[in-house]
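Worksheet for the structure shown next.
The values are calculated or read from the model by the stated rules, or taken from the named source; none is laboratory data. These numbers were taken from a predicted model, which means no experiment stands behind them. Cβ: placed from backbone, ideal geometry, glycine included. Neighbour counts: every protein chain shown.
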Amino acid sequence: MRPLLRLPLLLLPALALLVARPARAAAPVTVTVLQTSDVHGRLLPWDYSRARPDDVGLARIATRVAAIRRETPNVLLLDGGDTIQGSPLGYLHARRPEGRKDPMSEAMSAMRYDAMAVGNHEFNYGLDVLRRAQADASFPWLSANTLNAADRSPAFPEYVVKTFGKVRVGVLGLTTPNVPGWEPEKNRPGLTWEDPVETARRLVPVLRGRERCDVVVVLIHSGLEVDLASGKPDDTAHENRVAALARSVPGVDLILTGHTHRRLNLVRVEGVPVTQPGRWGEALARVDLKLARASGRWKVVEVTGELLPSDGSVPADPGIERIAAPHHARALAHMEEVLARAEEPLPAAAARLGDSPLLDLVNEIQRSAAGSDLSMTSLLPGWSYAGLPAGEIRVRDVYALYPYENELSVLEVDGAILRECLENAAGFYADAAWEAGRLVVKPKAGVPPYSFDAVQGVEYRIDPTAPLGARVKDLTWKGRPVRPEDRFTLAVNAYRAQGSGGYVALKRARVLRSASTEIRELLMERLRQMGTVPATVDRNWVVAPDVVWAQPPGSPRSAAPVN
């Protein structure tokens, strides 16, 4: 038998005190989550379309991030997607990489991003360009709801888990499910999208359970589908799923959103903290999660947040400037090329109130390139866009007019589809009334200005005072009424051909062909050929002889987020 351990009697009181003393409580831990989203290729604080400095860009965000890392050790840096597309700098690299890494991936790797959610605009240049940019990044591109159609397996990493001391943080990445509604099949071959709410229902328990995460962050390239003030749903649930996710998926501590270009400074949706940092690197979202340990587990006990702007008080990071330098120089030279001269200004102010030289220019170039009967386009920039100036028209002016890399599609439509499209456009007007002989209208709340399309090749009139669905009057083709069974060829951009912007009738149209040349390139080539651009308009459609906006375009009430 082993002898009993004997302790001197003098040690027994001290031992009793040691045994009776409770274990020291774990000190609280703060995890600082930083987020950018919808940077759209803006590396530097520069506006390429206006050729002047701007309060945007990842270089200023990098300065913010470095300062925060100096003050706190537990930093998680994330991006909400729509990253590689949207600026001349990114476009030129995607089309002619010249042996260099993707500039956004290289800069974000230098900043030590922890993860990025895949955005819909990542697919704009096709899957090969996307995968190349993904390979250039030192951080994972997450999208748990983007699946390989053949076997429903994940096409991207689903989540990442980061450890801060003994605290485990899981980040689930998700993408708006409406990518097929915008992107042609050739840009997303073999892929399909699951509702991100269903994906989160499946994977949040995995993060909480098998991955033993104390904190679950959802990083989603999608926005809110409800009005924050009233709680009423809007008509964007096909692409925005954040409110449904907050309502339906328990166990989420924070939702980092994007896609809608909003600036949300930590609001609560269904009790879940939600934030969004705007677009183009105009702000950095900061969220501090304070955790305390109780009953053997870490729990979030306090959430605070702020949006940190990229204004002139924030210097650009020299390291990011060095990465951007060769790409920026190439973009600047490209944007200053003179294409043609305008005899007089082609203004945008009234282009959504009646036919205009600006829309006619785009429509005529589309129709000529497609050899089609009709062409349909919208004025893609927002309300603040002024139009093409008189005098020299440069590449940067065309980027301002047509900021997206849309390709041209040629469809066969019947008269019924055509009328449905025009009625959808006519739904852009709200609260129309005659006042002192003038028709005063408002844009419909929540409808982006680029959702109003005009058609060239037919004649028609819009009556905003008529009921929805019955506003298009006197629709004629070569002087005779358009019948439902009539057939036309129609040139549209590839997004519209997918039924985007409410033009779902186009899904019933037959696709005759799709061009690989982008519409912006077609515009630039045609302008080079024209040399001189006249301010002509055929006035094939009208709203009223004297129609005005109830409120000047560009005012906060009229503004709408850009996709």
| said: Which condition from (1) more than 19 Å from Tyr399 (Cα to Cα); (2) buried (at least 20 other Cβ atoms within 10 Å of the Cβ) is the one that Pro318 breaks? | reply: (2)
| request: Collect the residues in the range 394-420 that are within 26 Å of Arg461 (Cα to Cα) and more than 22 Å from the chain's Cα centre (by Cα), keeping them in residue-number order. | output: Ser409, Val410, Leu411, Glu412, Val413, Asp414, Gly415, Ala416, Ile417, Leu418, Arg419, Glu420
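For the range 87-110, what are the residues that are in contact (Cβ under 8 Å) with a residue 40 or more places away in the chain, in a loop (DSSP other than H, G, I, E, B) and surrounded by fewer than 24 Cβ atoms within 10 Å (Cβ to Cβ)?
Across the range 87-110, the qualifying residue is only Arg100.
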| query | For the range 111-122, does any single residue satisfy the condition of being surrounded by 17 or more Cβ atoms within 10 Å (Cβ to Cβ), outside any loop (DSSP other than H, G, I, E, B) and charged (D, E, K, R)? | reply | yes
| Residues in the range 388-398: is at least one outside any helix (DSSP H, G or I), more than 19 Å from Pro534 (Cα to Cα) and not β-branched (Val, Ile, Thr)? | no
| field | Check on Arg297, closer than 30 Å to Pro28 by Cβ, over 25 Å from the mean Cα position of the chain (by Cα) and exposed (fewer than 14 other Cβ atoms within 10 Å of the Cβ) | value | yes
| said: Take the conditions surrounded by 15 or more Cβ atoms within 10 Å (Cβ to Cβ), among the β-branched types (Val, Ile, Thr), part of a strand (DSSP E or B) and at pLDDT 95 or above and apply them to Thr476. Does it pass? | reply: no
| request: Test Tyr125 against the criterion of being free of Cβ contacts under 8 Å to residues at least 40 places away in the same chain, assigned to a loop (DSSP other than H, G, I, E, B) and aromatic (Phe, Trp, Tyr), and give yes or no. | output: no
| field | Checking Asp235 against (1) closer than 25 Å to Arg279 by Cβ; (2) crowded, with 20+ Cβ neighbours inside 10 Å, the condition it does not meet | value | (2)
| request: Go through the range 14-50 and give me each residue that's small (Gly, Ala, Ser) and at pLDDT below 95. | output: Ala14, Ala16, Ala20, Ala23, Ala25, Ala26, Ala27, Ser49
| Every residue from the range 421-462 that is part of a loop (DSSP other than H, G, I, E, B), at pLDDT below 95 and more than 32 Å from the chain's Cα centre (by Cα) | Ala436, Gly437
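A quick yes/no check of all residues on (1) out of contact with any Gly (no Cβ under 6 Å at 6 or more places or on another chain); (2) in the same structural domain as Met530 (by the TED database); (3) farther than 22 Å from Gly531 by Cα; (4) surrounded by fewer than 20 Cβ atoms within 10 Å (Cβ to Cβ):
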residue	(1), (2), (3), (4)
Glu343	yes, yes, no, yes
Pro347	no, yes, no, yes
Ala370	yes, yes, no, no
Met376	yes, yes, yes, no
Ala386	yes, yes, no, yes
| remark: How many residues of the range 92-106 are closer than 14 Å to Arg520 by Cα and either among the acidic types (Asp, Glu) or modelled with pLDDT of 95 or more (or both)? The answer is 1
| If you take the residues in the range 527-563 that are polar (S, T, N, Q) and surrounded by 15 or more Cβ atoms within 10 Å (Cβ to Cβ), which one is modelled with the highest pLDDT? | Asn540
| task | Give the residues of the range 134-150 that are assigned to a loop (DSSP other than H, G, I, E, B), farther than 21 Å from Leu245 by Cβ and of a type in the set (A, V, I, L, M), sorted by residue number. | result | Ala137, Ala149, Ala150
| field | Evaluation of Lys290 against (1) in contact (Cβ under 8 Å) with a residue 40 or more places away in the chain; (2) buried (at least 18 other Cβ atoms within 10 Å of the Cβ); (3) not hydroxyl-bearing (Ser, Thr, Tyr) (one fails), failing number | value | (2)
| message | I want to confirm something. Restricting to the range 300-330 and keeping residues that are within 30 Å of Arg212 (Cβ to Cβ) and hydrophobic (A, V, I, L, M, F, W, C), which single residue is nearest to the chain's Cα centre (by Cα)? | response | Val303
| said: Within the range 30-49, take every residue that is part of a loop (DSSP other than H, G, I, E, B) and of a type in the set (A, V, I, L, M, F, W, C) and give me the one that is farthest from Asn74 (Cα to Cα). | reply: Leu44
| said: Only one of Glu302, Glu344 is outside any helix (DSSP H, G or I), in contact (Cβ under 8 Å) with a residue 12 or more places away in the chain, in contact with a strand residue (DSSP E or B) (Cβ under 7 Å, 6 or more places away or on another chain) and of a type in the set (Asp, Glu). Can you tell me which? | reply: Glu302
